[in-house]
1. Could you give me the residue pairs with C-beta distances under 7 Å whose first residue belongs to segment 88-116 and is more than 28 Å from Leu78 (Cβ to Cβ) and without any contact (Cβ under 8 Å) to a residue 24 or more places away in the chain, whose second residue is surrounded by 15 or more Cβ atoms within 10 Å (Cβ to Cβ) and among the hydroxyl-bearing types (Ser, Thr, Tyr) wherever it lies, and which are 6+ apart or on separate chains?
2. Any idea which of (1) under 17 Å from the mean Cα position of the chain (by Cα); (2) farther than 30 Å from Ile64 by Cβ; (3) of a type in the set (Phe, Trp, Tyr) is the one Tyr111 doesn't satisfy?
3. Can you tell me which of Met95, Met56 is modelled with pLDDT of 90 or more and either assigned to a helix (DSSP H, G or I) or surrounded by 12 or more Cβ atoms within 10 Å (Cβ to Cβ) (or both)?
Amino acid sequence: MERIVGVFKRINIGLIVVAAILLTCAPLAFVGSAFAQDGDHAAEAGETHGEAKVVMEHESAAKISCWAFVAAALATGLGSIAAGYAVSNVGTAAMGAVAEKPELMGKSLIYVALAEGIAIYGLLIAIIVLAKV
C-alpha cells in the first residue's frame, strides 16, 4: 500500500511541475502573436524590398527575445520549484533534529537557507538573460 501511495505522490509532483512550466510559458504565445501581427501590418502597408528585409530582421529579433523570455521563465520557475522541494525536505529533517537536540537550531537554519538559495540563483540567471535582450 505504501508503494502505491509513493507512486501517486511522484505522479502528483510531476503534474505540478508540468503545470508550472505550462503556466510560465503560456504568456509567450501572446507575445509571439503580437510581434507577428506587427510584421503583418508592415506587409499590408506595401513596403519596398529594403523595408521587407528590415521587417524580417525585426521578426527574427522578436523570436530571439521570445526564447529569452522562455529561458528566464524556466530559470525562475524551475529554480523556485526546486527550492520549495529542497526546503520541504531539509526543513522537515532539520526540525526533527531540533526536536531531539534543541542546540542544533542554528545549524539547521543554515541548511534551510542554503536550500532557499536555489531560488535566488534561478532569479539571478533570469535577470542576466533578460539584461542581454
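The values are calculated or read from the model by the stated rules, or taken from the named source; none is laboratory data. All values derive from a computational prediction rather than experimental measurement. Note: ideal-geometry Cβ built from the backbone for every residue, glycine included; neighbour counts use all protein chains shown.
1. Ala97/Ser108; Val98/Ser108
2. (1)
3. Only one candidate passes the filter, namely Met95.
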